[in-house]
1. Can you pull out every residue in the stretch 50-95 that is in contact with a Pro (Cβ under 7 Å, 6 or more places away or on another chain) and surrounded by fewer than 16 Cβ atoms within 10 Å (Cβ to Cβ)?
2. Could you pull out every one of the strands (runs of 3 or more DSSP E) wholly within the stretch 58-108 that has 3 or more residues that are out of contact with any helix residue (DSSP H, G or I) (no Cβ under 9 Å at 6 or more places or on another chain)?
3. Quick one: would you say Leu104 is closer than 20 Å to Lys21 by Cα and crowded, with 18+ Cβ neighbours inside 10 Å?
4. Every residue in the stretch 1-49 that is open to solvent by 80 Å² or more (accessible area, probe 1.4 Å), more than 20 Å from Ile91 (Cβ to Cβ), part of a loop (DSSP other than H, G, I, E, B) and not charged (D, E, K, R), please.
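The values are calculated or read from the model by the stated rules, or taken from the named source; none is laboratory data. Predicted model, so just to flag it, every value in this text is computed and none were measured. Neighbour counts run over all protein chains shown; Cβ positions are idealised from the backbone, glycine included. Ligands, DNA and RNA are excluded from the accessible area calculation, which covers all protein heavy atoms including side chains. Shrake-Rupley method; radii C 1.70, N 1.55, O 1.52, S 1.80 Å.
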Amino acid sequence: MCSNMDEFKGQTRLSNFVVPKRYDIKLKSDLIECRFYGSVVFNLDIITATHFIVLNAAELTIGNDAISFTNCHFSKVFKPSKVELFEDDEILVLEFPEGISIGLGVLTIQFDGILNDRMKGFYRR
């Protein structure tokens, strides 16, 4: 089990201790400013108790206060203590101060980004 965010750097695959089951994505684009804003709600299956959730992401702006995780068996809402986007690996690593227990949960993230011309991510053409 990983104990440090940097242990996820250079990984070619996502971790197998958190499995996304469903994604609900909302996007709003601003074609004049070439930006987009959005939110995503993930239904997750936590296979192994962990302090980390790792997702694919690239060229997004995400703040700690824009993320929450709720375990389906408890009403407690978890907020990450650290959020790191490893651009070279195109992964987002969320670290939670308290361990997330095994079971189903819901992760909510608000984000924004730039509509680019590189045909990568959410792009203009």
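1. Those that are in contact with a Pro (Cβ under 7 Å, 6 or more places away or on another chain) and surrounded by fewer than 16 Cβ atoms within 10 Å (Cβ to Cβ): Asn64, Ser81.
2. Of the strands (runs of 3 or more DSSP E) lying wholly inside the stretch 58-108, those with at least 3 residues that are out of contact with any helix residue (DSSP H, G or I) (no Cβ under 9 Å at 6 or more places or on another chain) span 67-71, 91-100.
3. Criteria not met by Leu104.
4. Leu31, Ile32
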